[in-house]
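The values are calculated or read from the model by the stated rules, or taken from the named source; none is laboratory data. Just so we're clear, the structure is a prediction, and the values are computed from it rather than from any experiment. Neighbour counts run over all protein chains shown; Cβ positions are idealised from the backbone, glycine included. Only protein heavy atoms, including side chains, enter the accessible area calculation; ligands, DNA and RNA are left aside. Shrake-Rupley method; radii C 1.70, N 1.55, O 1.52, S 1.80 Å.
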Number of protein chains: 2
Amino acid sequence: MKTNPRHTYVHGYSRREARRLLDQAQTLTELLHHDTLYPAGSRVLEAGCGIGAQTVTLAEKSPGALITSIDLSEPSLVQAEARVKASGGRNVTFLQADIYSLPFGDGTFDHIFVCFVLEHLHDPVPALTCLRRVLKPGGTITVIEGDHGSAYFSPDSEAARKAISCLITLQQEEGGNALIGRELYPLLSRAGFQDVTVSPRMVYVDASHPELVEGFTKQTFTAMVEGVRDEALRQGLVSRAEWDRGIRDLYRTCEPDGTFCYTFFKGTGVK
Amino acid sequence: MKTNPRHTYVHGYSRREARRLLDQAQTLTELLHHDTLYPAGSRVLEAGCGIGAQTVTLAEKSPGALITSIDLSEPSLVQAEARVKASGGRNVTFLQADIYSLPFGDGTFDHIFVCFVLEHLHDPVPALTCLRRVLKPGGTITVIEGDHGSAYFSPDSEAARKAISCLITLQQEEGGNALIGRELYPLLSRAGFQDVTVSPRMVYVDASHPELVEGFTKQTFTAMVEGVRDEALRQGLVSRAEWDRGIRDLYRTCEPDGTFCYTFFKGTGVK
């Protein structure tokens, strides 16, 4: 039983996890963010900035926008602020705040940006409704989420699929949803957004893309799965032998004859 | 026990199946074929043309190319020829032939095109090696295949996943591989092709794409799964009730709050 299940974070806050988030941000920047550009002078809310992995990109790509980045975790905000400062970003204000009770007036922002956050929330629709309140009429929301059920690979492996399902189960136990990418369209629609458009961003990895083999299959995806090892074993979701085989099989897809597929979803809507 | 397992075709040869293949070809033409254009005068082999669903597109997009389309099934060839003629194509020669023993000399063709064929073969690498023989040095092969393990949807449904797995199992029993899309890179590499490049073509369907809800989720994918109902029940792969629930749940993804994802893979290589 969690004391505050709404606010747990399945991946934890370790240093390795911080490294993973940064690897992920770098490898995927173009794929996920190339078409997110906010005009100079526009007010942008980044809800759930974490350690600032995406904030750096946001600030770089829209240097004239006035970005407010919020997160629940004070230590994460400290890291995010240092990271953005180090990268030369000067257009971000950081603030500790709860996505379910935002300390902003109605219609404060021109645009809202939410990346890898909804998957960890108990109630994504109420959260989106809260965000919609602080958006100006005609303003846009952009949401990016993964979907762990979109992962498949060659050689196929039941053990690897089982290891991934441990992560999905643990995220669900904490009230999150690791399969949320495919649901962005109905979620944004239910929260009242108009002109909802969802565009999948598939990461396809084979030996002709060594940077993705390293940066995505190994450092991002498999590292993320490995992060829940202890909890998965503690709960008996999988045997130690099966877990080890699953992880070995995920690394096996990084061999010259292996392939790996994963899809992120980027959704936009208008108030 | 099959008398000729190398040459069975899991989807059968019914009229409904012919309709499904045509719906599929129309909905997906741009996604799959927009970047396949052969120069005037080039000699192109289409291996496994079936009823000509893709041949019509090939002939239209490369009207100056000299296309030879082969298939094992004489009745399919008759249909393919009539279909291409009706669409105005005048640049295709049809020939009954076996992909494993091609009646052409070495280096006969400038380009080879193979679409939805390898998934039904026992031995895709030897087939690709045979095809490579009749290709000129420097010539290209283009292969397009689906991957039924790439299908996922919302609302998620165990019964729907089980119905899909029946199709995968039956195709495997006949010596095919319904998960072949993710393997194009290693298969083409093993057959000796150079500069192998694989590009996934994801079909993402939600209510903002009504033509895909109808043309892809219902008429193409779900119709294909429904096509193996009798055999799946006969073999006891699933109970009647579970099958019906699975199919109902696939149609459920076509409601306004549903989504559906599927990925085709297009691979190219050079001799």
(message) For the range A:214-253, give me each residue that is in a loop (DSSP other than H, G, I, E, B) and buried (at least 20 other Cβ atoms within 10 Å of the Cβ).
(response) A:VAL228, A:VAL238, A:THR253
(message) Residue under question is A:SER165, and the condition is that it be closer than 23 Å to A:ILE247 by Cα, in contact with a Lys or Arg (Cβ under 7 Å, 6 or more places away or on another chain) and polar (S, T, N, Q); does it hold?
(response) no
(request) State yes or no: is A:VAL228 farther than 25 Å from A:ASP35 by Cβ, of a type in the set (Val, Ile, Thr) and either touching a helix residue (DSSP H, G or I) at 6+ places or on another chain (Cβ under 8 Å) or at pLDDT 95 or above (or both)? (result) yes
(request) Could you identify the single residue in B:PRO124, B:PRO186, B:PRO155 that is within 14 Å of chain A (Cβ to nearest Cβ) and closer than 22 Å to B:THR108 by Cα? (result) B:PRO124
(request) Just need a number here: residues in the range A:119-136 that are open to solvent by less than 30 Å² (accessible area, probe 1.4 Å) and of a type in the set (Asp, Glu). (result) 1
(request) For the range B:149-157, state whether one or more residues are on the phi < 0 side of the Ramachandran plot, surrounded by fewer than 16 Cβ atoms within 10 Å (Cβ to Cβ) and out of contact with any His (no Cβ under 7 Å at 6 or more places or on another chain). (result) yes
(message) Name the single residue that is surrounded by the fewest Cβ atoms within 10 Å (Cβ to Cβ) among those in the range B:195-213 being closer than 18 Å to B:HIS148 by Cβ and of a type in the set (A, V, I, L, M).
(response) B:MET202
(message) Which pairs turn up if I take residues in the range A:183-210 that are among the small types (Gly, Ala, Ser) and look for partners that are crowded, with 21+ Cβ neighbours inside 10 Å and at pLDDT 95 or above with beta carbon separation below 7 Å, at least 6 apart in sequence or on another chain?
(response) A:SER189/A:VAL196; A:ALA191/A:LEU128; A:SER199/A:LYS266; A:SER208/B:VAL196
(request) Tell me which residues, restricted to the range B:158-175, are in contact with a helix residue (DSSP H, G or I) (Cβ under 7 Å, 6 or more places away or on another chain) and within 14 Å of chain A (Cβ to nearest Cβ). (result) B:ALA160, B:ILE164, B:ILE168
(request) Restrict the check to the range A:242-263 and report whether at least one residue is out of contact with any Asp or Glu (no Cβ under 7 Å at 6 or more places or on another chain), within 30 Å of B:VAL205 (Cα to Cα) and among the charged types (D, E, K, R). (result) no
(message) Taking the condition of being aromatic (Phe, Trp, Tyr) and within 13 Å of chain A (Cβ to nearest Cβ), how many residues in the range B:222-271 meet it?
(response) 4
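Results for (1) crowded, with 21+ Cβ neighbours inside 10 Å; (2) closer than 27 Å to A:GLN171 by Cα; (3) away from chain B (no Cβ under 14 Å), shown as yes or no for each residue.
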position: A:THR57; (1), (2), (3): yes, yes, yes
position: A:SER73; (1), (2), (3): no, yes, yes
position: A:ALA82; (1), (2), (3): no, no, yes
position: A:GLY88; (1), (2), (3): no, no, yes
position: A:THR108; (1), (2), (3): no, no, yes
position: A:PHE113; (1), (2), (3): yes, yes, yes
position: A:VAL117; (1), (2), (3): yes, yes, yes
position: A:GLY138; (1), (2), (3): no, no, yes
(request) Sort out for me the strands (runs of 3 or more DSSP E) sitting completely within the range A:97-199 that have 2 or more residues that are hydrophobic (A, V, I, L, M, F, W, C). (result) A:109-115, A:135-145
(message) Any residue that is open to solvent by 50 Å² or more (accessible area, probe 1.4 Å), at pLDDT 95 or above and more than 13 Å from the chain's Cα centre (by Cα) - is there at least one of those in the range B:21-31?
(response) no
(request) Examine the range B:95-112 for a residue that is under 30 Å from B:GLU255 (Cβ atoms), β-branched (Val, Ile, Thr) and modelled with pLDDT of 95 or more, and state whether such a residue exists. (result) no
(request) Among the numbered conditions (1) more than 9 Å from chain B (Cβ to nearest Cβ); (2) within 24 Å of A:HIS34 (Cβ to Cβ); (3) small (Gly, Ala, Ser), tell me where A:SER208 comes up short. (result) (1)
